[in-house]
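The values are calculated or read from the model by the stated rules, or taken from the named source; none is laboratory data. As the structure is a computational prediction, the values presented were derived from the model and not from experiment. Cβ sites come from the backbone with ideal geometry, for glycine too, and all protein chains shown count toward neighbours. Quick note on the areas: whole protein, heavy atoms, side chains included, nothing else; ligands and nucleic acids left out. Shrake-Rupley method; radii C 1.70, N 1.55, O 1.52, S 1.80 Å.
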Amino acid sequence: MEKYFEIVNGCKMYEDFFNWIDETEKIRKIYNDFSNTYGIEAEQFLPTKSRLFIVPTEKDKDKFFMDFTRDYGEKGLRQFRCNSDIGRYWKRAVADMPIPHKPHYLQYGFALYDKYTERLFNVGGKLYGSICTQSNAFKLTDWMKEMKASDFFKIIESEERNG
């Protein structure tokens, strides 16, 4: 069963989603400044408070060979060693910065007891989502305003056309 909905403006999840977008922009700016300072070419990164992971370019692999841990993660993700200069500088750069995490429905009292997939995106200040699960025994909460699948996909198609 799949349900489509708009998240009601003013609820905690709505506020947290747009805070997540703001915090993601801030951490992106910190990373961009950091990567420019230290000559990191990689654009894809995964920040934590104590570690920095990147998907290194070939130049990054050569330049920072001794600074990376031995193991590769998913899709080529590499971690800078915590005791490397880059690792220590990153830790200082984000010491006072929260690391953003995208909100998920289960954090807000929504209960599912089966495997599920979810979508959450915004268009023009409105927040839309969907949940797909094999279970038929789930109901939307009061902060989820159900909508027709056709209306939901019209919004997606319109966004794809507009870029």
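Given the whole protein assembly as supplied and a 1.4 Å probe, what does the accessible area of Asp62 come to in Å², nearest 10?
120
Give me the percent relative contact order of segment 50-100, please, defined on Cα pairs under 8 angstrom at least 6 residues apart.
42
Can you give the angle from 0 to 90° between the axis of helix 149-162 and the longest principal axis of the chain, with both taken from C-alpha atoms, to the nearest 10?
Taking Cα atoms only, the helix is inclined about 40 degrees.
Mind checking which lysines have their C-alpha under 30 Å from Lys63, skipping anything on the same chain fewer than 8 residues away?
Lys26, Lys29, Lys49, Lys75, Lys91
How do Glu23, Glu160, Glu15 rank by accessible surface area computed with a 1.4 Å probe, from largest to smallest?
Glu160, Glu15, Glu23
Net charge near Leu46: determine it from the other residues with C-beta under 11 Å of the C-beta of Leu46, scoring Lys and Arg +1 and Asp and Glu -1.
With Lys, Arg at +1 and Asp, Glu at -1, the neighbours total +2.
Ignoring everything except DSSP H segments at least 4 long, calculate the 222 nm mean residue ellipticity for the chain; use -39,500 (n - 2.57) per segment, divide by total residues, nearest 500.
Value at 222 nm, helices only, nearest 500: -11000 deg cm²/dmol.
Taking Cα atoms, how many degrees apart are the long axis of helix 12-38 and the longest axis of the chain, rounded to 10 and kept between 0 and 90?
Compared with the principal axis, the helix lies near 20 degrees.
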